[in-house]
Amino acid sequence: MKSKASAPGKVILFGEHFVVYGVKAILCAIDKRITVIAEDTSERKISIKSNIGELELEPNKPISEINSPLKPFYYLANKVIQNKNSGIKISVESEIPLGVGLGSSSACCVAGAAAISKLFGNVSKDEILKLAIEAEKTIFQNTSGADCTVCTFGGLMEYDKRKGFTKIGSEPNFHLVIANSNVEHSTESVVKEVSKFKERNEKEFSKLCEDESLLIENVLELLKENNITELGQKIIQNQEYLETIGVSNDKLRKMIQIGYETSFGAKITGAGGGGCIFALTDESNVENTIREFKNKNYECFSVKIDFKGLDTF
Ligand code: PMV
């Protein structure tokens with residue numbers, strides 16, 4: 001039997017880094033997806049094929065001995081076929097650039113958990129999410145679970161470290177133009193640098209957290225009103241806070257300047273140091289903004305919010 005599932009990537013719209021210190025963040029799912037096809041096989045093996053490589057192993061290997069980015073799929077397949085006399089073949093297709101903060105690994109975990117577990121019966125979205133977070137922990141032990149949650153349920157979400165996730169009901173109609181610096185970043189090391197900044201500048205950092213909290217409350221209102229021009233101003237303001245804590249660099253600043261020329265506002269998304277920036281646009285300036293980035297040889301594409309989340313076939 002074969003089963004197929006797809007899950008969207010994500011963008012952090014507001015609040016990255018400050019979220020680590022208890023400020024709310026706002027995330028959204030994007031209409032770029034990872035699709036996973038799973039098939040049960042009579043041969044008791046787990047094999048995985050994707051555009052980043054292949055992995056074929058017997059079941060029941062300790063996860064710590066597996067050194068592959070495909071490890072979450074192995075974890076999921078191995079867990080699901082316990083007490084079953086079959087193997088699993090998995091293939092993965094991705095529309096999401098990998099390792100640049102757009103949620104590719106969370107989308108893999110969510111679509112993987114759904115495709116694999118649906119081979120053996122119906123499973124609820126909540127159960128799939130739980131399984132996906134377990135799988136993601138094989139790569140990022142400290143994941144907050146926010147990415148997997150937004151990839152499962154889609155739409156917009158606010159995330160608070162203490163209180164968890166709340167879905168935001170509004171459906172604003174904007175386009176995000178995402179430009180990739182093609183510089184890989186380590187979230188862990190950028191987060192560490194921010195903590196050093198905080199230690200050196202306690203007062204300034206706590207004022208920035210207050211300012212960011214206020215900004216997020218304003219953004220929640222603006223999202224309800226679909227006020228794209230004002231949201232653009234908040235994006236510019238949020239970028240200033242990210243500049244202050246030192247997660248930007250010349251390349252990212254250059255890209256953000258390009259975004260400012262035609263869009264409502266642009267900022268880093270995710271950890272910074274590399275990865276992606278996004279520019280907020282609507283129908284009137286999305287094409288011009290893409291053209292500006294492409295003319296300057298940046299990899300770039302536009303996305304809308306995905307309201308569907310996990311999809312199974
Ligand atoms: O670039 P990403 O998707 O790994 O985003 C990291 C977001 C941070 O706020 C910087 C860290 C975190 O755990 O929330």
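The values are calculated or read from the model by the stated rules, or taken from the named source; none is laboratory data. Treat the numbers as computed from the prediction; the structure is a model and nothing was measured. Every residue, glycine among them, receives a Cβ derived from its backbone with ideal geometry; neighbour counts consider all protein chains shown. Note: areas computed on protein heavy atoms with side chains; ligands, DNA, RNA excluded. Shrake-Rupley method; radii C 1.70, N 1.55, O 1.52, S 1.80 Å.
Quick look at the values:
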{"quantity": "Nitroxide proxy distance, nm - points 7 Å out along Cα→Cβ at ASP126 and GLU171", "calculated": "2.5"}
{"quantity": "Rounded Å value of the spacing that divides the Cα centres of region 1-46 and region 187-242", "calculated": "24"}
{"quantity": "Choice from SER124, SER94, SER189 with maximal GNM fluctuation in the chain (Cα, 10 Å cutoff)", "calculated": "SER124"}
{"quantity": "FRET efficiency, 1/(1 + (r/R0)^6) with R0 45 Å, evaluated for PHE307 and GLU56 via beta carbons", "calculated": "0.75"}
{"quantity": "Residue with peak Gaussian network fluctuation, the chain [Cα springs, cutoff 10 Å], from LEU119, LEU214, LEU13", "calculated": "LEU214"}
{"quantity": "Cα-based convex hull, region 165-313, per residue volume (Å³, whole number)", "calculated": "141"}
{"quantity": "Cα-centre dipole for region 25-170 with unit charges at Cβ (Lys and Arg positive, Asp and Glu negative), debye to 20", "calculated": "300"}
{"quantity": "Cut-off 14 Å between beta-carbons: net charge of the residues surrounding THR187, Lys and Arg +1, Asp and Glu -1", "calculated": "-4"}
{"quantity": "Linear extension gain, SER189 paired with GLU204, 0.36 nm per residue minus alpha-carbon span", "calculated": "3.3 nm"}
{"quantity": "Rg/Rg_ref, the chain, where Rg_ref = 2.2 N^0.38 Å and atoms are Cα", "calculated": "1.01"}
{"quantity": "In range of the label at ASN85: residues from region 18-47 whose backbone nitrogen is under 16 Å from the point 7 Å along Cα→Cβ", "calculated": "41-45"}
{"quantity": "At R0 = 30 Å, FRET efficiency that the Cβ-Cβ distance of GLU299 and ILE139 yields, to 0.05", "calculated": "0.80"}
{"quantity": "Protection-proxy order for peptides 279-288, 51-60, each taking the mean of Cβ atoms within 10 Å per residue, highest first", "calculated": "279-288, 51-60"}
{"quantity": "Computed magnitude of the charge dipole of the chain (debye, nearest 20; Cβ of K, R +1, Cβ of D, E -1)", "calculated": "780"}
{"quantity": "Radius of gyration, Dmax [region 2-169; alpha carbons; angstrom]", "calculated": "15.7, 50"}
{"quantity": "12 Å beta-carbon shell around ASP311, net charge (K/R +1, D/E -1)", "calculated": "+3"}
{"quantity": "Top positive-direction residue, dipole computed over the chain with Cβ charges, set TYR75, PHE313, GLY22", "calculated": "TYR75"}
{"quantity": "Accessible carbon and sulfur surface of the chain relative to its total accessible area, %, 1.4 Å", "calculated": "46"}
{"quantity": "Two-site FRET efficiency, MET1 against TYR21, from Cβ-Cβ distance with R₀ of 45 Å, rounded to 0.05", "calculated": "0.45"}
{"quantity": "Residue-normalised accessible area of region 2-169, given per residue in Å² at a 1.4 Å probe", "calculated": "42"}
